[in-house]
Every structure is written in structure tokens, then in C-alpha cells.
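For reference, the structure discussed in these notes is given below.
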Amino acid sequence: MRIVITGGAGFIGGHLAKRWIREDHEIFIIDCLHDYYTPERKLQHLKDIKKAGDFTFHQINLLEKKATEELLEKIKPDAVVHLAALPGVAYSISHPLEYVDYDIKATINILEASGKANVKKFIFASSSSVYGNKGMQGRVSEEMANSEVISPYAASKYSAESFCHVYKHLYHMEIAILRFFTVYGPWGRPDMAIGTFIRKLMNGETLPIFDMNNARDYTYIDDIIDGIDKTLHYHGDQTIFNLGHGHPVSMDELLRELAKHFPHLVTDVLERRVGDVYSTWSDLSKSKALLGYTPKISFQEGIARTVEWAKQYERY
Ligand SMILES: NC(=O)c1ccc[n+]([C@@H]2O[C@H](COP(=O)([O-])OP(=O)(O)OC[C@H]3O[C@@H](n4cnc5c(N)ncnc54)[C@H](O)[C@@H]3O)[C@@H](O)[C@H]2O)c1
């Protein structure tokens, strides 16, 4: 298939591109190399993707509506996977309007460009943050999101989801909205807890902990990629799916797992950050039943693989 991956120089997009290039899909990456974290890291990731085989790279900002539409018209892809966004909860608290641009307006532009270019399938990367603090009470299932969110990032994802429904209606595209639960692994985002912690541990630095009462349903990147691949082949009438691991890991458990690799780990417990939810916990019944999604990588195995990668490559 001819597939556009927006945000393909980023963490999740880069892994997805590698998998599909190896499976002989024709891949077109659109990425503006935003400096939310270093463009050097994204350029290195693009080089790594190249090892999997050929692909086409377009450095375009999706906020450029005309350029986005012309490009999609030229490529005429069968499918678009829209991963490009400003991620991160903390930054969204201090820069809310950037999220209106990068997470909402950019999504509308690529949805409209896809509709006009007769794209058959559009997959949108949403987030577990749309459940707000509901993960504290137990597993969250797809129908439980109700706009009660606690960060501008989550509000922009929830809004972008609504626009996906609008463009499904306007252009009769197949649309899938995937709610990812804290993804980690090689090439993981350097602003996220696991990436930050491993980098600091390799440098012998103290770990800043924003409150010990946090738990995250950490999901290894290969499982997420498998879930996106399964979604590409799903043609039923459901739209929204959770992609998680199904087991929240407490801060304490995370630190114990890291200590197996870095026994001299030292922490500094700081004040809780506003906007951070306490716990995330995915109910995977729907994605298991309809997509055949089954996460396979245990947290222990995932951390071991991530640490091994970081020791060889983490420089950017
Ligand atoms: N990593 C996670 O744990 C996680 C969890 C939930 C949801 N998500 C979502 O998954 C998607 C991918 O996340 P990631 O962790 O790979 O992030 P990432 O920052 O590594 O990748 C996003 C990429 O999109 C690009 N980009 C941003 N705005 C753009 C624009 N307007 N035009 C073109 N390119 C643009 C960036 O340069 C970047 O390379 C995002 O939508 C994110 O919100 C991620």
C-alpha cells in the first residue's frame, strides 16, 4: 500500500515506518522536524529508518494547508497515519495555544487533505490522557472519555478526535482513533519519564520524581506498532480503540526495575506537577476482540531492551 506517516521522524512514526518498509509498503514520511526535542535526534532516526529500506521524506509543516493538500494530491496514498503533534503534558500547560495549532489545526488540515485526495483509511494517534483521572478507579474503556480532561494536551487530543468524526462523515473515509497508553522503547521521546531517567542514570545524575503516587500503563513500542498494523487491516464499523499494556506500573515498581540495571540509583522527590494524571490503566477488551491486538512484551523485557539500546545510541 502507499502510506503517508505524519510525524514519521518521531519516536512512534519512525518505528512504524521501519516495520512497513520491511513489509514492502511504499512509505511517505511528512515531518517538520519540530524542535520540541532536538531535530538532530529526528535526523538520526531518519537515518536509522533508511537501514530498513527506501522511503520518501517531505519536510513540511501540516499547518501549511495548501502545501499539505498539494502533497497529498500528488502522493494519492491509500492510507494516512497521523502521528504528528506536539506531545507532552507539562509543555502544554505553559504553551496551550501551540496545542491548538499543532494538535487541532494541523489535524484538521491533514484530515481535509486526505478527504480531498480520496484516502480510504485514516488512523489518528490519540492518547490515554483523554480519560482524565478516570484511570485511578480502574481500567478505562473506550466509551468512558467524556471531555473531563486536566491538561491542554488532553483537551486538544479530545477535540482532534471530534474532528476525525466530522471528516469521517464528510468524506466517508474509514477512520480509526487509537488511544495510546505511555509508550516507551528505543528512540523513545527524551522528555518522557523512562527516557529522562535512563539518560540521567547513564550520566550518574539524581532522578527527579514528581510525586511517588503515579502509575502508568507503560506500553512497549513493538506492541503499539503491532496494534497500528492490525488497525490498518480492520474494516469494521468501530472507530475508537485503546492500545495499552493492561497493567499499571507504579513509580516504585519503575524505580525497582531501573535499579536492576543501575544499582546506584538516587532519587529526589519533588512536588507533583499540575496536569499529570495519577494513574492510567487500559481496558483492552475491545481492541483484543476486534483488532486481535495482544501486547506481548513484559515491562521487565521492555525496560531491558530500552536500557540496552540507550547504552549504545542515547546521545541526541
Ligand atoms: N509516546 C507516547 O507515549 C504517546 C502516548 C499517547 C499518544 N501519543 C501520540 O502519538 C503521536 C506520536 O508521538 P511520539 O511520542 O512519536 O512523538 P514525537 O514528538 O517523537 O513525534 C511527533 C513528530 O511529529 C512532528 N510534527 C509535529 N508537528 C508537526 C506538524 N505540524 N507538521 C509536521 N510534522 C510535525 C515532530 O517533528 C515529531 O517528529 C503524537 O500524536 C502523540 O501525541 C504518544
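The values are calculated or read from the model by the stated rules, or taken from the named source; none is laboratory data. Keep in mind it's a predicted model, so treat the numbers as computed, not measured. Positions of Cβ are backbone-derived with ideal geometry, glycine not excepted, and every protein chain shown enters the neighbour counts. The area values use the complete protein model at the heavy-atom level, side chains included, leaving out ligands, DNA and RNA. Shrake-Rupley method; radii C 1.70, N 1.55, O 1.52, S 1.80 Å.
Compared with the dominant Cα axis of the chain, that is its longest principal axis, helix 152-171 is turned about 20°. Once backbone amide H atoms are built at 1.01 Å from N, residue 145 has no partners under 5 Å, excluding neighbours fewer than 5 places away on the same chain. Choose one answer from 216, 41, 22: the residue with the largest mean-square fluctuation in a GNM of the chain with alpha-carbon springs under 10 Å. Of 216, 41, 22, the Gaussian network model singles out 22 as fluctuating most. With each label modelled as a point 7 angstrom along the Cα→C-beta vector, the residue 304-residue 205 pair spans 2.8 nm. Take the alpha-carbon centre of the stretch 258-306, take the same for the stretch 217-256, and report the distance between them in whole Å. That distance is 10 Å. Rounding to the nearest 10 and keeping the result within 0 to 90°, find how far the Cα-based axis of helix 193-202 lies from the longest principal axis of the chain. Once rounded, one gets 50 degrees. Here the relative contact order of the stretch 104-223, from alpha carbon pairs under 8 Å that lie six or more residues apart, stands at 29 percent.
Distance between the modelled labels on residue 311 and residue 213, one decimal in nanometres: 3.7 nm (7 Å Cα→Cβ projection).
Taking the chain as a Gaussian network of alpha-carbon nodes connected by springs under 10 Å, the highest mean-square fluctuation of the residues 119, 89, 266 belongs to 266.
Return the loop-located GluC sites (Glu not before Pro) in the stretch 13-109 (DSSP other than H, G, I, E, B) with at most 15 other Cβ atoms within 10 Å of their own Cβ; answer none if there are none.
Within the stretch 13-109, the qualifying GluC sites (Glu not before Pro) (loop, at most 15 other Cβ atoms within 10 Å) are 23, 64.
Where both bridge residues fall in the stretch 156-283, DSSP classifies roughly 15% of the beta bridges as antiparallel. Computed over protein heavy atoms with a 1.4 Å probe, the carbon and sulfur contribution to the accessible area of the stretch 81-230 reaches 54%. Where is the GNM fluctuation largest for the chain (alpha-carbon springs, 10 angstrom cutoff): 223, 31, 48? Evaluated over the chain, the most mobile residue of the options is 48.
The angle separating the long axis of helix 106-116 from the principal Cα axis of greatest extent in the chain is about 30 degrees.
Near the amide H of residue 293, within less than 5 Å, lie the amide hydrogens of 288, all on another chain or at least 5 residues away, with H placed in the peptide plane.
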